[in-house]
Amino acid sequence: MTDCIFCKIVNGEFNTEFVYENEYAVVFKDINPKADTHLLVVPRKHFESLNELDDEVLLGKLMMTVKEAAKKSGLKSYRTVINTGKEAGQEVFHLHIHILAGNIKL
Ligand code: AMP
Ligand code: ZN
């Protein structure tokens, strides 16, 4: 997906700092944080939303990535959110999992 902002971030086109990364996903800070800590777990492979994800192994890997990124960031208590579809508030159509901790406003 050449015009997908998260694909560009995954490919390093914006020099975004990754707070964590592995074979399956990159994790970086949300540009418009809705909590003291607001991270996005973004799979390296493009899926428009959870509805397009057909790989249950990858889904498991992404949730493990959430756990690893939270641990690396020193978070013991956090909320995870996946917005699926415009009506649910999805703005970027590349699957991502929000990690929110501290003064959550979402
Ligand atoms: P969603 O509404 O679930 O699609 O979430 C998209 C999130 O991506 C929002 O919280 C935005 O603030 C965040 N976002 C959009 N563009 C960027 C960017 N270039 N870098 C970091 N976060 C971004
Ligand atoms: Zn993408």
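Just so you know, all these numbers are worked out from the coordinates, no wet-lab data involved. As the structure is a computational prediction, the values presented were derived from the model and not from experiment. Virtual Cβ from ideal backbone geometry, glycine too; neighbours counted across all protein chains shown.
Within the range 18-106, the ratio Rg/Rh, alpha carbon atoms throughout and Rh by Kirkwood, equals 0.94.
Of the trypsin sites (Lys or Arg not before Pro) found in the range 4-104, the ones in coil according to DSSP and having at most 16 other Cβ atoms within 10 Å of their Cβ are Lys34, Arg44, Lys45, Lys76. Database remark: amide H of Phe47 closer than 5 angstrom to the amide H of Leu95 (H placed geometrically; neighbours at sequence offset of 5 or more, or on other chains; Pro and chain starts carry no H).
Between Thr84 and Asn103, the modelled labels are 3.2 nm apart [label points 7 Å from Cα along Cα→Cβ]. In this simple spin-label approximation, Val19 and Arg44 carry label points 7 Å from Cα along the Cα→Cβ vector, and these lie 2.1 nm apart. Under a 5 Å amide H cut-off, with hydrogens placed 1.01 Å from N, Val26 pairs with Val42, Arg44 among residues at least 5 apart or on other chains. If r is the Cβ-Cβ distance from Lys61 to Asp36 and R0 is 25 Å, what FRET efficiency results, to the nearest 0.05? Once rounded, the FRET efficiency stands at 0.40.
Would you mind finding the longest exposed-site-free stretch of the chain, with exposed GluC sites (Glu not before Pro) meaning DSSP loop and at most 11 other Cβ atoms within 10 Å? The answer is 24-90. In this simple spin-label approximation, Glu52 and Val92 carry label points 7 Å from Cα along the Cα→Cβ vector, and these lie 1.5 nm apart.
Would you calculate, for the chain, the mean residue ellipticity at 222 nm contributed by helices, counting each DSSP H stretch of 4 or more residues as -39,500 (n - 2.57) and dividing by all residues, to the nearest 500? Kindly include the intermediate steps, with their values, before the conclusion.
Numbers: 2 runs with 23 residues, N = 106.
Helix-only estimate at 222 nm: -6500 deg cm²/dmol.
For the chain, averaging the sequence separation of C-alpha pairs within contact (under 8 Å, six or more residues apart) and dividing by the residue count gives a relative contact order of 33 percent.
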